[in-house]
Amino acid sequence: QVQLVESGGGLVQPGGSLRLSCAASGIIFSIDTMGWYRQAPGKQRELVAVTSRSGSTNYADSVKGRFTISRDNTKKLVLLQMNSLKPEDTAVYYCNIQYQFRGYWGQGTQVTVSS
């Protein structure tokens with residue numbers, strides 16, 4: 001059974017940094033894409049960043065230059081380094097993987113950017 005466990009969320013002041021981590025278990029074959037999404041109150045879930053099996057990346061315009069996604073295929077981890085955080089980055093952040101033609105989601109981790 002595939003499971004995703006996220007960690008690293010919390011409260012941070014504007015301009016601060018956080019690093020989110022997502023560990024996948026129950027994985028036998030290679031994971032296709034790994035990514036992060038977020039959902040703010042009253043808004044739809046949106047893509048933040050995604051990385052392919054080859055390591056190519058794609059970012060939402062709102063986070064380009066501030067966030068960096070990376071993955072460790074051996075450890076089945078995907079990381080999101082978030083720098084220069086803004087209040088508008090406040091949301092629940094969800095890890096997502098595409099594996100064996102199915103999508104899987106983590107439980108979400110809260111990120112709050114506030115002074």
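Side notes on the structure shown:
- Residue count for the range 11-26, restricted to those that are outside any strand (DSSP E or B) and either of a type in the set (S, T, Y) or buried (at least 16 other Cβ atoms within 10 Å of the Cβ) (or both): 1
- For the range 25-45, residues that are among the aliphatic types (A, V, I, L, M) and at pLDDT 95 or above total 2.
- For the range 66-93, the set of residues classified as in contact with a Lys or Arg (Cβ under 8 Å, 6 or more places away or on another chain) and either within 10 Å of L20 (Cα to Cα) or among the hydrophobic types (A, V, I, L, M, F, W, C) (or both) consists of L77, V78, L79, L80, Q81, M82, L85, A91, V92, Y93, listed by residue number.
- The residue that is nearest to L11 (Cα to Cα), counting only those in the range 103-115 that are out of contact with any Leu (no Cβ under 9 Å at 6 or more places or on another chain) and touching a residue at least 24 places away in the same chain (Cβ under 8 Å), is S115.
- Candidate set: the range 83-112, residues that are assigned to a strand (DSSP E or B) and under 15 Å from E46 (Cβ atoms); chosen: the one most open to solvent (accessible area, probe 1.4 Å): W105
- Note on the range 27-81: residues that are outside any strand (DSSP E or B), hydrophobic (A, V, I, L, M, F, W, C) and either free of Cβ contacts under 8 Å to residues at least 24 places away in the same chain or closer than 21 Å to G9 by Cα (or both) amount to 4.
- The range 43-76: number of residues that are under 15 Å from V111 (Cβ atoms) and of a type in the set (D, E, K, R): 4
- Within the range 30-67, considering residues that are closer than 18 Å to V5 by Cα and hydrophobic (A, V, I, L, M, F, W, C), the one most open to solvent (accessible area, probe 1.4 Å): V50
- Residues that are modelled with pLDDT of 95 or more and on the phi > 0 side of the Ramachandran plot, drawn from the range 51-67: G65
- Hits in the range 68-82 - residues which are open to solvent by 60 Å² or more (accessible area, probe 1.4 Å) and more than 18 Å from I97 (Cα to Cα): none
- Applying a threshold of 7 Å to beta carbon distances and a minimum spacing of six or more residues, or different chains, the list of pairs starting in the range 1-26 at a residue that is over 15 Å from Y94 (Cα atoms) and ending at one that is among the basic types (K, R) reads P14/K86.
The values are calculated or read from the model by the stated rules, or taken from the named source; none is laboratory data. Just so it is clear, the structure is predicted and the values come from calculations on it, not from any experiment. Because the Cβ atoms are built from the backbone with ideal geometry, glycine has one as well, and the counts that use them run over all protein chains shown. Just so you know, the surface numbers come from the protein's heavy atoms only, side chains and all, with ligands and any DNA or RNA stripped out. Shrake-Rupley method; radii C 1.70, N 1.55, O 1.52, S 1.80 Å.
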